[in-house]
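Structure first, commentary second.
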Amino acid sequence: MKKLKIGLLINPVAGLGGSVALKGSDGENIQQQAIQLGATPQAEEKALRALQHVVDYKNKVEFYTVSGQMGEHICQKLQFSHSIVHTTSGKTSASDTEHAINEFENIDLDIIVFAGGDGTARNVTKALNKDIPVLGIPAGCKIHSGVYSVTPSAAGKLLQKLLTGEMLSVSYADVMDIDESSFRQGIVKTKRYGELPVPMDLTYIQAVKQGGIEHDELVLADICADILENMEDDTLYLIGSGATTKSLMDELQLDSTLLGIDAVYQENLIGKDLTALQIEELVADYPKTKLIVSPIGGQGHLFGRGNQQLSAKTLAAIGKNNTIVVSTKSKLKALQGRPLIIDVLDQNVAKSYKGLIKITTGYHDSVLYSITD
């Protein structure tokens, strides 16, 4: 029986800067800063979540991977048959990803699976010269590229389809990335770096994120009016990230960060661009906390993309009933019926948010919309 040959690599520092509000993980200096601020790696855990869906098909798959935390550890943990094609020196870098891709090209692989963010996708694009399908497991802070599944579990389910013989068409998807230094200043500069072949299933593969900012000022003003009317003096509000929630901060005439999480109490700014730990400490200090968030346009991610500062501990403490979701109807319509997505590692938290949630779409105007993981 012919086995499915999978090239596997994991960028172990992908997403490292997300929980500590660094807006990315590109560059050794940023990675060191993230670790000093208390960030913990999550890429291996997200790859584990994806590949657990393949465990029942061990006899049908052979992995080719990189030493240590770039893939070997996961294969060992899940007891997959595997071979090491590249050995790192210990501290991993983009060159390890590129070397692994070069080695993968010498093997008759069926697919390359990688866990990372847009920077990792750029490295794969740079090194890959053969027409080998790829599948990204989302583990980064910023996921603008169309080569990633909507969640880690979705990547595993798509691999299941391949292993059970379902036919999937292969389409080319754009590899996009942003200028992180500009991103940290609240400026989104997205650039296309190429394209990669992806097994296409719109249930599992994300759409490329919409660029720019929606300027429907009347709708945003109506949403803000509704939220402001219902804000309570005894409640801490965590607000962000994105243009929709920033419009609320503008209405309050408070300084804010477009791409981070801010804290407001009695209409005063008490914290700006907070890290996960800072948010957890604030929530512990206030008896009542509510969270105001908006889904990412084009993708529908509510948690886990662009707001990793909202840890599972914070989401569990606040809860679905104290989460206020705001969005224009045009943003929801662009999802074409796809549910909102919560991509967090804590399954209990994910389960607690699943189902219908009320979304404020105007002044005294709301819709019910579905959330999934």
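A few remarks follow.
- From the list Glu214, Glu180, the one residue that fits, being surrounded by fewer than 23 Cβ atoms within 10 Å (Cβ to Cβ), within 18 Å of the chain's Cα centre (by Cα) and modelled with pLDDT under 85, is Glu180.
- Considering region 328-357, the residues that are under 16 Å from Ile318 (Cα atoms) and basic (Lys, Arg) include one that is surrounded by the fewest Cβ atoms within 10 Å (Cβ to Cβ), namely Lys351.
- Checking region 87-96 against the condition returns a match, with at least one residue being free of Cβ contacts under 8 Å to residues at least 40 places away in the same chain, within 30 Å of Arg305 (Cα to Cα) and among the hydrophobic types (A, V, I, L, M, F, W, C).
- Residues within region 88-124 that are more than 21 Å from Glu44 (Cβ to Cβ) and surrounded by fewer than 19 Cβ atoms within 10 Å (Cβ to Cβ), tallied: 6
- Residue list for region 356-365, restricted to those being of a type outside the set (Val, Ile, Thr) and under 15 Å from Lys333 (Cβ atoms): Gly362, Asp365
- When each of Leu259, Leu220, Leu248 is tested for being buried (at least 18 other Cβ atoms within 10 Å of the Cβ) and closer than 11 Å to Ile292 by Cβ, the lone residue that passes is Leu248.
- Enumeration of residues in region 342-373 that are more than 12 Å from Ile223 (Cβ to Cβ) and either hydroxyl-bearing (Ser, Thr, Tyr) or in a loop (DSSP other than H, G, I, E, B) (or both): Asp343, Val344, Leu345, Asp346, Ser352, Tyr353, Lys354, Tyr369, Ser370, Thr372, Asp373
- Residue within region 148-164 that is over 21 Å from the mean Cα position of the chain (by Cα), assigned to a loop (DSSP other than H, G, I, E, B) and at pLDDT 80 or above present: yes
- When the helices (runs of 4 or more DSSP H) confined to region 1-111 are screened for residues that are modelled with pLDDT under 85, those reaching at least 1 such residues are found at 28-36.
The values are calculated or read from the model by the stated rules, or taken from the named source; none is laboratory data. What you see is a predicted model, and the numbers here were worked out from it, not measured in a lab. Here Cβ is always computed from backbone atoms with ideal geometry, including for glycine, and neighbour counts include all displayed protein chains.
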